Structures are given as structure tokens and as C-alpha cells.
Amino acid sequence: MCIRDRYQRRVREQTKLVMFRPIALLLLGLTSATAQSVKSCGAAGDILSNAVFTVSPDPISKDQPLTITATGTLTAAVAGGNFDVDLNIKALGIINEPVKLTSPFTASPGFAAGPVKVTLGPFTLPKIPGTSTIAGTIKQTDPSGKPIMCVSLNLDVLHPPKETVFPEAAPVVSSCGKDTDHLKNLTMSSSGGVSTLQGVLDETVTTGAINVDMKVKVSFISIPIQTNIPFSFSPGIPAGPVKATVGPSSSSAASNINIDVEGTVTVNDGNTQEIACLSVTTPSTTLMTTFAPELFADASPHYEDPKPNGCLSDELAIQIQGVSGDFCTPKCTGFLKSQCPSDVPSGVTAKPQCALKDQSGNKYCALICTPGETNDSCGKATCKSISGVGICTYDD
């Protein structure tokens with residue numbers, strides 16, 4: 001039996017999606033908000049003092065161009081720290097769950113102390129189907145834990161649903177730039193749960209535009225997003241080496257949200273010359289599995305080693321091509337086929353997730369872990385890395 005694996009990486013376990021998932025969800029939310037949509041929730045003593053976050057118009061109107069502005073004064077330089085996301089997402093009538101994660105970040109050359117102003121827009125919002133609300137906070141702290149800023153979101157959206165499709169796999173980001181791009185030698189990599197972007201700017205950037213041409217898939221809903229977003233940033237990003245890292249992330253909430261992003265994001269400077277181009281594609285990985293009826297025995301619990309007692313009657317013994325070891329896998333269940341049995345072997349802290357899909361559309365569960373972690377989240381199994389994702393398998 002040949003199964004094609006299309007990983008639905010969640011924001012809590014896979015750092016590659018740490019940035020794309022919040023961006024995708026915010027694009028879904030910034031369409032018709034009630035009350036004050038975006039505001040500061042910071043306090044006296046924050047590194048970004050006198051912080052003001054505004055949107056215009058507010059409430060947001062889908063029929064009017066939108067402008068987002070953030071201003072304040074950095075009382076100290078910022079070159080790294082942590083993001084703390086605590087949101088509740090209701091989307092498209094099928095998603096209602098918390099999004100809680102913490103992820104470290106670094107930025108070079110960083111942000112110097114002094115006045116800061118960032119403006120996005122005016123730009124026309126893409127037409128987003130479905131109904132969604134996003135409420136909660138995004139906080140930022142420096143490496144010592146001192147608060148930098150806090151942003152409160154209160155987005156409430158209503159639109160009629162449109163096209164439905166089956167979700168694709170998690171995206172991989174690569175450069176689609178040209179030799180004439182102003183961000184030279186652009187590279188992106190991921191290792192040990194840390195995603196890194198670096199290059200060399202041959203000019204100082206203070207203004208420009210971000211051109212988004214993407215398709216976001218949330219569960220079974222396919223949403224085209226095409227928009228051009230002007231931006232300005234003071235004091236700007238100086239010419240020279242640029243490096244940013246995100247991760248590894250940690251989460252206190254499990255998720256059934258499957259979000260896939262595919263397309264391109266192009267950044268131009270104020271002279272409409274290309275700074276960089278990022279391509280988001282959807283890879284697939286071939287899995288080789290064997291169907292072994294003799295392994296169906298009274299084994300307990302789920303996700304056990306097929307050897308020597310076999311799998312439960314609702315599981316298959318599976319081996320992934322290119323990954324050593326095997327494991328028992330049950331089918332995903334529930335109305336949207338996105339739920340997995342929660343009973344795991346003793347000592348296992350890795351979370352069961354609906355992560356595999358065969359060519360007939362059947363979806364299967366697996367224990368997803370973080371490659372490089374020192375703890376034994378897989379119990380008697382071990383965490384194997386494949387395409388930047390970790391999966392628990394039992395060694396032969």
C-alpha cells in the first residue's frame with residue numbers, strides 16, 4: 001500500500017509556520033471588524049513607550065481601503081526576545097479554539113532606540129469567505145522578559161462561504177528572487193525548530209510595497225488572497241547584513257486547525273524595484289506502508305509498536321520511506337476527519353495529530369514531535385525528522 005503524506009503542520013509544533021499561520025488568520029480577520037479592532041494593551045514601563053496602534057477606518061469596512069499604523073518610542077534597542085500569542089479563533093463556522101504559543105526571535109541589525117513609526121496601506125482587502133472572529137493578545141518581550149509591547153485584537157467578520165477543496169500540505173518557503181534584487185544572497189533554512197532568513201541589503205529601506213498573491217486553505221475552504229500593501233518604516237532598515245530567526249516555538253494548547261499557504265510574496269522598495277521574492281509551495285512526501293492482517297491483535301493503546309503484539313483493529317502498521325522504524329496508525333475521525341484517538345503509550349507526551357493522507361483521501365494519525373528536543377516525548381519510540389517535522393517511530 002502506498003500512502004502520500006501531506007503534513008498539516010500546526011503553529012504550535014512547527015516553527016516554519018509560526019509566521020504564516022498568524023498572517024493567514026489575520027488576513028481572514030481583517031475584513032469587517034466591530035469595536036476598536038486593534039489597540040495597545042501595553043503598560044507603563046514597556047520598552048515601546050507611548051505605543052499607539054490604529055486602523056482606519058475603524059470599524060474596518062470591506063468597501064474602503066485600509067490603513068494600519070503603529071507608533072511609539074523605543075527606550076532601548078531591540079535585537080531579540082519572545083513573542084507570546086494568546087488568541088481565540090472562530091472561523092468559517094467550523095473552527096472554534098485557542099491559539100497559544102511562545103516563540104523566540106532575533107533580528108539583525110535590530111531596532112535602534114528612538115521614535116518608531118510603521119504604516120501599512122492604504123490597501124484594498126481581499127474578499128474573504130466565511131464567518132470568523134479573532135480576539136486576544138500578541139505580546140513581545142526582550143530576552144530578559146521585560147515587556148516590549150502588547151497588541152490587543154478584536155476582529156469580527158461575516159461573509160458568505162465560497163469554494164470548498166481538500167487541504168494541501170504544509171508550505172515550504174524558498175526564494176523566487178532575481179539577481180537584481182536589493183536583498184542579495186538571500187537564504188532560508190530550518191534546523192532544530194529554528195527558522196532563519198538572512199541576506200545583505202544593498203540599500204536602506206524606508207518605504208515600499210508588499211505584493212501578496214497567495215491561496216490560503218483553512219480546512220476545506222480555499223481562499224485566494226491578492227493584494228498590494230504599501231508600507232513605510234521609520235527609522236528604516238539600513239543597508240548591510242540582515243538576519244532574522246524565529247523559534248523553536250512551544251504551545252500550551254493542542255489544535256485541529258489545518259492551514260496551508262501557497263503562492264508568492266514580493267517586496268518592492270519605494271522606487272518599485274524588487275527587494276526580495278518569497279515562494280510558498282506545497283511539497284509531498286511518499287510513504288511506503290504495508291498492510292499486515294496478522295498484526296491485528298488485542299493491543300493497547302493506540303500508536304504502539306507493531307512488534308510483537310500488533311496493532312489495534314482500527315490501525316495499520318506503517319513505515320515511512322526515508323524514515324527508519326514503524327508505528328501503528330489509526331484513521332482520523334470526526335465530522336471533518338481531523339480528530340485522533342488521545343490514548344497514547346506510557347511515557348508519551350507527543351501529541352496525536354491528523355498528519356497523513358493517502359491517494360484515496362483517507363487521513364491517518366501520527367504522534368508529532370519536535371526534532372532535536374532533549375526530552376523523551378515519544379516514550380519508547382524516537383523522534384525522526386522529515387521535511388522539518390518530527391514523527392515518532394519505533395526502531396527495528
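The values are calculated or read from the model by the stated rules, or taken from the named source; none is laboratory data. Remember, predicted model here, so these are calculated numbers, not experimental data. Side chains are part of the model used for accessible areas, which takes the heavy atoms of the whole protein and leaves out ligands, DNA and RNA. Shrake-Rupley method; radii C 1.70, N 1.55, O 1.52, S 1.80 Å.
Annotation: per residue accessible area for the stretch 307-378 equals 47 Å², rounded to a whole number [probe 1.4 Å, protein chains only]. Rounded to the nearest 10 square angstrom, VAL99 shows an accessible area of 10 square angstrom against a 1.4 Å probe. Taking every alpha-carbon pair under 8 Å whose residues sit at least 6 apart, the stretch 321-371 reaches a relative contact order of 33 percent.
In the structure shown, the pairs LYS184/LYS215; LYS100/LYS357; LYS139/LYS243; LYS39/LYS146; LYS243/LYS357 are assessed against 24 Å; a Cα-Cα span above that value is assigned to LYS184/LYS215; LYS100/LYS357; LYS243/LYS357.
THR349 contributes an accessible area of around 90 Å² to the protein surface, as traced by a 1.4 Å probe with all chains present. Taking 0.36 nm per residue of sequence separation and removing the Cα-Cα distance, the THR207/VAL52 pair yields an extension gain of 53.8 nm.
3J(HN,Hα) along the stretch 138-146, derived from phi through the Karplus expression 6.51 cos²θ - 1.76 cosθ + 1.60 where θ = phi - 60°, amounts to 10, 10, 10, 10, 7, x, 7, x, 6 Hz, with x in place of Gly and Pro.
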